[in-house]
Structure formats: C-alpha cells, structure tokens
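Notes for the one structure printed next.
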Amino acid sequence: MVGIVIVSHSKNLAIGVQELAQQMTPQTVPIAVAGGVDDPEHPIGTDAIKVYEAIYEVYSEDGVLVLMDLGSALLSAETALDLLPAEMCERIILCAAPLVEGAMSAVVQAAVDGTLEQVAQEALGALAMKEAQLGEYVAGVGAVKTAVTPVTSAQKLTLMVYNRLGLHARPAARFVTTANRFNATMQLRKGSKVANAKSINQVATLGVRQGDEIIILADGPDAAAALTAIQSLADDNFGDHDDDATGPLVPKAVTPLAEGELGGIPASPGIAIGPAALYRPRLPDVEARAITNTDAEWQRLQTAVAAAKLEISSIHQQAVRQMGSAEAAIFEAHLLFLQDPDLIDAAHDVIMARAVNAEAAWQQVVTNMAATYRALDDAYMQARAADVLDVGQRVLAQMMGVERPSLDFEQPAILVATDLTPSDTARMNPDKVLGICTELGGATSHSAILARALGIPAIVGAGNALAALREGQMLALDGAQGRIWVDPDYDTQAELQAQRQVWLGEQLRAKEVGQQPAVTQDGHAVEIVANIGGPMDTRIALEYGAEGVGLFRTEFMFLGRETAPTEEEQYQAYRQVVRDMGKRPLVIRTLDVGGDKPLPYFQREPESNPFLGWRGIRFCLDHPEIFKPQLRAILRASVDAAGTPANVKMMFPMIGSVAELRAAKAALANVQAELQAEGKLFDPQMEVGVMIEVPSAVTVADQLAAEADFFSIGTNDLTQYAMAADRGNARVADLADALQPAVLRLIQQTVTAGHAAGIWVGICGELAGNATAVPVLIGLGLDELSMSAPAVPDVKEAIRRLQLADAQRIAAAVLQLESAQAVKAYLLSL
C-alpha cells in the first residue's frame, strides 16, 4: 500500500491533517508526519531530517507520496530525497496538491490499493469539487463570499417546506451534509434568492420558512442521485421528527414547563436558592496586530479550526449519548459552520490582504457572518447568530490563552456550567456552591456523582437553555424533581425556602443516624465507606458517618494541568487524606484515565471507542514515567514520619486478565525495592486489590483472587460492559442498570470466587448507595459497600432493618428474575 507523508511548518497542523485523513476510510493507511522544528520558543518551521525519517517510516515497494505546505517545506522534502538511496527516490513523489484536501483524497485512493501515480493524481484533483462549489465571486475583503456557481443544463427538484421553523440550523445542516455526499454542482433557490446548496451559511441565511417553495438544481454525473437523496430527506421532514410535517401549517401543540421554569435530569436531591455563577472560560480581548508572515498566521488559523472541529466532534458524540441525536444535531451545524469555505476563505482574505493576526481576521469574519443572521426578518434565524459566535469563540480559544474562572466564589452561589470535568471539581470550594446546573451530563456523569458525593443539590442535562442565563441572575432548583426556576417570584421563593429548611433538617438528622454502625438485626456487620475524589471530600464523608474510604479517585491530581504531577505533589495530597482518616481504611485507586478522562499533556491516537481502548491499568503499564511516581507516593503515604503504618490499601483499575495484574504487581515490587534501597519508609504489608469492572475479570476471578488481597466491584463500568449499553445514552438506560439480573449474577460470581480464596469483596459503584438494593447486596455476601457520602445514613439504616437470612432469601429470588424492572418491582413490594 502507498505510504503518505505530511510535511508542515506546524506540528499540530500536521497531526490534525493526519487525524482527518485517517477518518476518511476504515482501512489502515500508513501515514507519517514531519511537522515543526524542535525549538520550544520558535516551533514553526520544517526539518529535512524529520522528513527523511517520516519517509522511512512508511516506505514500501508501493511507494510514498509526500504532501507539503509552502516555502521551506518543499526545500526540506527535496533535501530529504538527496539523503535517500536512489532506488528509494524512484518510488517517491513530491506532490503539489493542497495539504488538507490532498491528504484526504490520497488516503481514500491508497486504501483501495491504488498505484502511486493514481494516488498522486487523486490528490492533485482534490480541489476540483471546492472550485466547482465556490466558482467566481467578487467580494470585499473580510466579507463572506456568497456568489454561487452557475448551474446549466441542470436537473430540478421542487419542494414545499413543512418544517415548523423552516430550514433552521439543524435541518439546514442535514441538507448541506446530504448535498456534500455528491459531486454534482448544486444550487438552492427560494424565489429570486440563490444559495450554494453545499454551504451551511448560504443555506441557513437564505431564510427558508415553513410553507416556502424551494427549488434544488443539480448538474453532474450523480445529479439524479443527489436530488433523490434530497427528496428522501424532505420526505423525512429534514430530520425534524418533532414537527408535524403533514398537517396544516401551524405549530404543534406542546406542554411546556411553567413560565420561568427549566427542566433537566435530577442528579442530587435538595433545594438551592441563590445567584447564578456562570462558569464560562473567558477570552482576552482580541487586538489587531500587523504581521509580516501571513503564511504563518494562516497556518495558525487552520490549526485552530482543525482543533475546534475535534472539540465539537467530541461534544457532539457526548451529546448524542446523553440527549439523543435530535437534540445533539445543533453540534452538527456547528461543525458545518467550520467547514463552510465561505467563512474560511473570507478569513484567509483578511489575513493576506491586510496582514493582520489570525485572531483579528477570524473575529472580523465571524462578526460579519453573525450580523448577516441578525439582519434576517425571522426571529428564530436571528437567534442563530449566537451559534456562529459560539463556534467563533471556540476557534479563538485555540489561539489565545483562556482564563479559567475561579470556582472559589466570594459569596455562595448556584454554579452553572456546560459540564464539569474532574479538574474543574478539584478546584471547587463546596462550601460556596449552593447548587449545580449543567447543560450536559446524565445521572451517572461526573457532575452528578460529584454533587451526590458532596450533598449538593444538582440538575444535569438541562440543555442549551442555560446559555441564556446572566451572571448573578436569581435561580432556584429542586434537585429531586429536576426543576429550575429563573427569577422566581416572592411566593415561589418563600415556598422553596421552606422546603429547603426541611431538607437541611433532614440532612442534619441523617448525619446523626449515619454515625451509628451498620449491623443487621442478627449481628452481621457490614463496612460502610465513601467514594471520594480528593482531599476536600474527606470531611463530608466523615460527617455523614463513613467508616473509611473505599475508593479514592486520584485523577484530580492529573487532569486540568499541562504536566503530570510530581511524586512529591502526590505524596502531600495522599498524606492529607491519610491524616484525615486516621486508622480508618483508605483504598487508593491508581490512575484511571482514558475513556472520558484523557490527559491533556499526552498526544493520543484517536480511538473510535475510548471506553474499550487504552485506559486504566493498560495506560499506566505503558507509561512507567506516570505510573512509577504514583506508586512511590502511595507507598510513602502508607506510613507516618516514624514509619507507623496507617490503614492504606492500593487498588488497580480496569484489570481484565491475570497477566495485567501480575505486571502491575511487578511494577509495584520494583518501586518497593527502590524505596528500600533509598532508606525510605513504607508499609510492606499494604493490601493490594483489584477493581472488578470488566466481565473478563469475573470469569477469571478465581485466578485473580489468588493474586490479590481484595476485590472491589465497580458496577458502573461493569454494567455498561456486560450489557453493551453506554450508561450515558438515554435510549439504552433500561439496559444500563446495575440491577439487571445479569449484572447481579456477575456480582455473585465475584463474591463467591473472592470468599473461596479467603479475601474480602466490596462494591464501589453507584449501586452501593442505593438503599433499595441493600438487601440484595447484603444477601449476595458483600463485605463492604462504598458510596457517595450522603447515601451513607440511608444505607446504614436499611442494613439495621435487615436480618441476614432474609437478605439471602431476597438475593436468591432476584437472581431468578428477568429484568431490572422486575427486580425493582420486587424490592419495592417488600
């Protein structure tokens, strides 16, 4: 297969082009990059040696195609050829094709085993469709180009638009996406107005409303197929399934929340009333600067746009899982904004004609495009200007230093955010957060888990409506009902305040109850401990009656920073928790990144399903420079200054095989030997356990038990892996339920294997904090339950109402049921 080398002045741009190209085909095409120079202060440039090494990396008898940007990239590529053997040079082509489009086209041709000459020819023709799409135009510098390629001898399709809001952002995005699947030149006409059917901004700003007749013209070999696809899209109401596409042209009746109310997913119970504190990273003011290297500025903008596309794609995927494809479609429109050649080329013109910095050029064309939307006479389309500005801000954020607002508020407030990452929550002062509202997230998202752990009322998944809130605007929320009141009136505030006082009183009583031991009526004791995400959580855990920590998530130390934490930083954080816990048990989980928790300072290959990829112990074993300092810090934190052991235990995440556990233990043994040689103190008898969250670990639990000191079952991941159901996807929420009999049987198998080997077995997933599930968990024989702190009192109370024999009978009964719904119904009937 032909190999491809991408040569660019910018390393980030080269990697971005490589990622885009790799997504063009499911086939693996050898692609190497040679981007930038190894000078941290001046990284923009090219290096012939890097080009030479990249060619060697992908070379085969089929040949290598080299794609370059401008200037020294060509000189570096030519120099690299001078260094290579003559027989290799005969199978290398330096191609004049455009870097991005050429790479994407070349990969497709290489994937079907095209010859080197065919791959080169395909790359050289990559601009044909864009040229046909843009055509000739006359426009002022910085104005978005709106001229449309004339369509002659075209086939025609006439449609009536029934969508309640016309071709607004989402249906326009679907229209443009469909049109771009074909090579035909296509126009969209509404009366005397004409738009390029492959431009999101031209289609959206054409102002197509409900009841309008539109004409689509297509010219080219696949014109008929293109019009058939558009007809099918129109028959599907352009994907707007919540509109009435066949009835009279009137809005469909809906039942909204009361005026001034918003709805979301209940995440953490309780009432909160207070001013909104908007967590929105701020951009510095954009200042226009004269520049001399316009090519470098253009490269910077292209790199930023590529990075923003990846960011929006990630958000889109998360939104699809959490809100469904219909609600997430707005992010498809955002992607099309960034793919619109009108917008990108206008920014290019400003940079080249006025020799200004990329930030100023981009802000100018985005502002112009937003003004175009605001000038429309349709209120809905006027509101789309906010979408354009939002996309523009994402690109600017890639080029400018973004200031992250403080999460330690001067006065208590309700935190409002798009979503919260572990690094965000590590910076939060829970004493100043009255409640939490997020646009994204589900009941098991990080934001929801954090809120429950801290006992903070929270609503997640409230959608884009939160974007309209103002800083300091008065809010009230009910975390149990999933309701948010915006600017509540006096009577509403008074009623909610009374409910809040009742809730606070219940919290105080719960903390008192939580201090009592968890012992069944016939004397069977169960250890009840808490999950924590950092040192700030220990006080709350103890207040609610936790008898220790069953899961200390250490990711807070690694996320939201530019470099990995040092051994000393980690040691101090772990020691703080050890001091707070005293002689209580403390289970520290080693780093579990990947999936939804990537490290920002690690370049990673894109993974189609990161939850099934390079995460947890797999990542740590491959990166001893990350793993080893953490192991050293945990070991050192296991004793006090005099060498007296605390009650620290270590747990490895995502263990799927005995080989992985042995490799992790070997790394630990090496670190212990190093510390001993250095004369540093640690607890040599510290227990080392395994987190059971992969079905394969259950099937070999007997073998793992022979190597481990304890098991802790992570039911969140175990459920989604066992049921093949993403726990953030509302469409499969009934499957992604830890009370599924299949999951309960996996728990039973794990407990049986652990006890047969003489080790204790705990559970640290969300199921542990479900008081209704307590009889099942106790009956299955679990020795320890670890949960969010506010769940401790209810779980302890549920245990004190039980007799062990009754719990065992209940557990045996639910294992024979057929669904999670049946299990819940049975438990609620007791």
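Mind checking the log10 I(q)/I(0) for the range 710-790 at q = 0.17, 0.18, 0.22, 0.24 Å⁻¹? Debye, one equal scatterer per Cα, no solvent, two decimals.
-0.63, -0.70, -1.01, -1.15
Starting at the first residue of the range 363-375, write each ³J(HN,Hα) from the Karplus equation 6.51 cos²θ - 1.76 cosθ + 1.60 with θ = phi - 60°, in whole Hz, x for Gly and Pro.
Result, ordered by residue: 4, 5, 6, 5, 4, 4, 5, 4, 5, 4, 5, 5, 7 Hz.
Can you compute the FRET efficiency between Asp295 and Arg470 using 1/(1 + (r/R0)^6), with r the Cβ-Cβ distance and R0 = 45 Å? Round to the nearest 0.05.
The formula returns an efficiency of 0.60 here.
Could you order peptides 453-459, 791-797, 154-160, 27-33 by the average number of other Cβ atoms within 10 Å of their residues, highest first?
The peptides rank, most packed first, as 453-459, 791-797, 27-33, 154-160.
Using a Förster distance of 35 Å, how high is the FRET efficiency between Lys156 and Ala353, based on the Cβ-Cβ distance and rounded to 0.05? Can you show the working numbers first?
Numbers: r = 38 Å, r/R0 = 1.09.
Step by step, r from the Cβ atoms, then E = 0.40.
Mind listing the long-range amide H neighbours of Leu434? Cut-off is under 5 Å, sequence gap 5 or more, other chains count too, H placed in the peptide plane at 1.01 Å from N.
Sorted by chain and number, the residues that satisfy this are Ala413, Ile414, Leu415.
For the range 37-97, what class follows from the C-alpha gyration tensor (a ≥ b ≥ c being the square roots of its eigenvalues): rounded when a/c is under 1.5, otherwise prolate if a/b is larger than b/c, else oblate?
Prolate, because a/c is 1.5 or more and a/b exceeds b/c.
What order, most packed first, do the peptides 519-528, 355-364 have when packing is the mean number of other Cβ atoms within 10 Å of each residue?
355-364, 519-528
Amide H neighbours of Ile692 under 5 Å, counting only residues 5+ apart in sequence or on other chains, H built in-plane at 1.01 Å?
Ser712, Ile713, Gly714
Could you compute the FRET efficiency for Ala771 and Leu504, with r as their C-beta to C-beta distance and R0 at 22 Å, rounded to 0.05?
Taking R0 as 22 Å, the efficiency between Ala771 and Leu504 is 0.65.
According to a simple spin-label model (label point 7 Å from Cα along Cα-to-Cβ), what is the distance in nm between Thr28 and Asp113?
It works out to 1.8 nm between the two label points.
Could you calculate the contour length gain from Asp491 to Glu61, that is, 0.36 nm times the residue separation minus the distance between their Cα atoms, to one decimal place in nm?
Answer, rounded to one decimal: 146.8 nm.
Evaluate the distance, in nm, between pseudo-label points positioned 7 Å from the Cα of Ser232 and of Ser313 along their respective Cα→Cβ axes.
A separation of 2.4 nm, rounded to one decimal place.
Among rounded, prolate and oblate, which fits the range 477-578 when a ≥ b ≥ c are the square roots of the eigenvalues of its C-alpha gyration tensor, a/c under 1.5 means rounded, and a/b larger than b/c means prolate?
Oblate is the answer for the range 477-578, as a/c is 1.5 or above yet b/c matches or exceeds a/b.
With no solvent and one equal point scatterer placed on each C-alpha of the range 11-61, evaluate the Debye formula and give log10 I(q)/I(0) for q = 0.16, 0.20 Å⁻¹, two decimals.
So the normalised log intensities are -0.53, -0.75.
Each residue of the range 304-310 in turn: what ³J(HN,Hα) in whole Hz from Karplus with 6.51, -1.76, 1.60 and θ = phi - 60°, glycine and Pro shown as x?
5, 5, 4, 5, 5, 4, 4
Residue by residue through the range 200-210, what is 3J(HN,Hα) from phi via Karplus (6.51 cos²θ - 1.76 cosθ + 1.60, θ = phi - 60°)? Round to whole Hz and write x for glycine and proline.
After applying 6.51 cos²θ - 1.76 cosθ + 1.60, I find 4, 5, 5, 5, 5, 8, 5, x, 6, 10, 4 Hz.
Mind checking the full-extension length gain between Asp622 and Ala756? Use 0.36 nm per residue of separation minus the Cα-Cα distance, one decimal, nm.
Value of the extension gain: 45.0 nm.
Hey, rough spin-label estimate for Ala724 and Ala86, points 7 angstrom out along Cα→Cβ, what's it come to in nanometres?
Distance between label points: 5.8 nm.
Hey, can you grab everything whose amide H is under 5 Å from the amide H of Asp683? Only 5+ residues off in sequence or another chain; H modelled, so Pro and N-termini drop out.
Ser638, Val639
Considering only the range 482-601, what is the antiparallel percent among its DSSP beta bridges, to the nearest 5?
For the range 482-601, the DSSP antiparallel bridge percentage is about 25.
In nm, what is the difference between 0.36 nm times the number of residues separating Arg801 and Gln516 and their Cα-Cα distance? Don't skip to the end; give the middle numbers.
Working: separation 285, 0.36 × 285 = 102.60 nm, distance 1.30 nm.
Gain in length upon complete extension: 101.3 nm.
No value in this document is a laboratory result; all are computed from the given coordinates. Owing to the predicted nature of the structure, the values given are computational and were not obtained by experimental measurement. We place every Cβ from the backbone using ideal geometry, glycine too, and count neighbours over all the protein chains shown.
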